[in-house]
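The values are calculated or read from the model by the stated rules, or taken from the named source; none is laboratory data. These figures come from a predicted structure and were not determined experimentally. Ideal geometry is used to build each Cβ from the backbone, glycine not excepted, and the neighbour counts take in all protein chains shown. Surface accessibility is based on the protein's heavy atoms, side chains included, excluding ligands, DNA and RNA. Shrake-Rupley method; radii C 1.70, N 1.55, O 1.52, S 1.80 Å.
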Amino acid sequence: MKKLKLKNTLTRKVESLDPIEEEKIKMYNCGPTVYWNVHAGNLRADVVWDVLARTIRYLGYDLDRIMNFTDVGHMFHDEDFGEDKVESRARAEDKDPIDIANSYIEQILGEFKKMNILNPDGTEITAEQINTYIAQSPKDTNGDGVYKPGNSDNKNFHGWTRAVDHVEEMIEIVRKIMNKGFAYETGQAVYFDVTKYPDYTTLSGQSLNEKAEAVRDEVQVDSQKKHPADFVLWMKRTGKYADHIMHWNSPWGDGFPGWHIECTAMASTYLDERFDIHTGGVDHIGVHHTNERAQNFGAFGHDGANFWVHNEMLVDKEGEKASKSKKNVYFLEDIEAKGFSPLDLRYYFLTASYTKPMAFSWEGLDGAKASRASIIKSLADIYVEDYDGGDMLEAYVEEFSDAVADNINTPTALAVLHKLVVSSEDPSDILRTAEEIDRVLGLDLIKSVKDYKSNQVEIDDLSDEVQGLLNDRLQARNEKNFDKSDEIRDKLSTIGYEVIDTEEGQTVKKL
Ligand SMILES: [Zn+2]
């Protein structure tokens, strides 16, 4: 079996992964927060981890994979005494926090489905599943803010897990950490004592002093806290949090869990106390993942994951990270409104390595759309209705799997696909091999080819009106008048035609 190589933040090197159990890999992906719409930056990470999961299965390993929804305890600015993000929206909209979380989970899974992102267990996301997952969610059955876990199937639903379903497990881990002497209680909270874990700053590479500096500006602190970098495991429902909506009884009184403990609880419950891969954004290295490692050490005496793998951010042309506070955030809705398919966006993300920041631009997305269209067109040219599989072209498959196994090198993988589709090999062998490659890339190639062929319109058959609009659009584009060309694109779409720009020029298909 081919070895998987990944960049391990712990060692800062690309290393070969030797699974703990033979031929099986266990992976935890820190998942979405559910208090705002996911944006293109989030989707980039989700596509990367989807491709990683598909690669692991493609290489022949069994994969146990968990991805969580953070529906309680995630504070603004990662501060101990910030405001809970889900609760804050619940208050602003006068809604139940679980309804807030559910509405975003529904939206996120819907967008994942459009982007051809699979469930963590490798199955396809369906609309029916999304409805079931929402219907079975945790509930405040007594109306007192003590949320009961949802239906038991929901706790690990195709690999999705949510924090509110696992408060019991979190309390259990905090108890273990306390019993082993790694935590202490004050009037306000239970804290992890970072000075007890000698390896605390290995992941971030910061010194403990730097870490203490970083938290110095926090507005509110607990005077009983021993070290500035100590972090909350359990927050009591007192002081600032006396009215916290979601709360549970615990050995340290009524309260709610700190943010980081959910991942340690869910990973150890469904994967093990030690597993192979833990992923997340580079913005999680300094606080969230550093703290997760500490918790795992406190509870079990060792790190949780052997490989800590981090995706770089989506940035704008100036190199600024896409964030809600800046105006440089794009949502899938905006992208679709401009005439792009979610799969164009998926393709676009695959053109860059996850270890590098990616600068989002409309021109870049245009280029990705044209490249994806050229692949589909090449395949459509050789596709026949009665195609039912040819032989695998081993040389291409080998080059492809080498690329993805080598630290998820999707740019090279795409290059192999481009080379394949224009090769002079037997058409059905090309199609068969493209299908194989697509198991990992997830571009839904054969379906796209079928759609393309069934919707393709011969330009000569178009009405004079459509012909005229296409001519005007071509002229506008030649004059670099993109506003006008977009306007004409929209007009065509209202009368039922989607314009596709290919290397050979524009073409249309029926919507
Ligand atoms: Zn996490």
Item checked: Cβ-based charge dipole, the chain, positive-most Cα from Val416, Pro198, Phe349 -> Pro198
Note to self: In whole percent, and with a 1.4 Å probe on the protein chains, what portion of the accessible area of the chain is carbon and sulfur?
What the structure shows: 46 percent
Next item on the list: Return the loop-located trypsin sites (Lys or Arg not before Pro) in the stretch 284-323 (DSSP other than H, G, I, E, B) with at most 12 other Cβ atoms within 10 Å of their own Cβ; answer none if there are none.
Entry: Lys317
Notebook entry, point to check: Roughly how many debye, to the nearest 20, is the charge dipole of the chain about its Cα centre, given +1 on each Lys and Arg Cβ, -1 on each Asp and Glu Cβ, and no other charges?
Noted result: 1400 debye
Next item on the list: Distance between Cα centroids, the stretch 410-447 to the stretch 361-405: provide it in whole Å.
Entry: 3 Å
Next item on the list: Return the aspartates and glutamates within reach of Lys321: Cα separation strictly under 19 angstrom, same-chain partners fewer than 8 residues apart disregarded; answer none if there are no such residues.
Entry: Asp46, Asp78, Asp283, Glu312, Asp334, Glu363
Notebook entry, point to check: Ranked highest first by the average count of other Cβ atoms within 10 Å around their residues, in what order do 418-424, 367-373 fall?
Noted result: 367-373, 418-424
Next item on the list: Give, in nm to one decimal, the length gained when the segment between Val397 and Lys2 is fully stretched (0.36 nm per residue of separation minus the Cα-Cα distance).
Entry: 140.9 nm
Checklist line | Calculated over the chain: convex hull of Cα atoms, volume per residue (Å³) | finding: 160 Å³
Item checked: Probe 1.4 Å, accessible area per residue of the stretch 321-452, Å² -> 42 Å²
Item checked: Order by protection proxy (mean Cβ within 10 Å, highest first), peptides 222-228, 118-124, 264-270, 60-66 -> 264-270, 60-66, 118-124, 222-228
Check: Taking a probe of 1.4 Å, how large is the accessible area per residue of the stretch 43-165, in Å²?
Finding: 35 Å²
Check: Across all directions of projection, what mean area in square nanometres is found for the Cα convex hull of the stretch 456-511?
Finding: 3.5 nm²
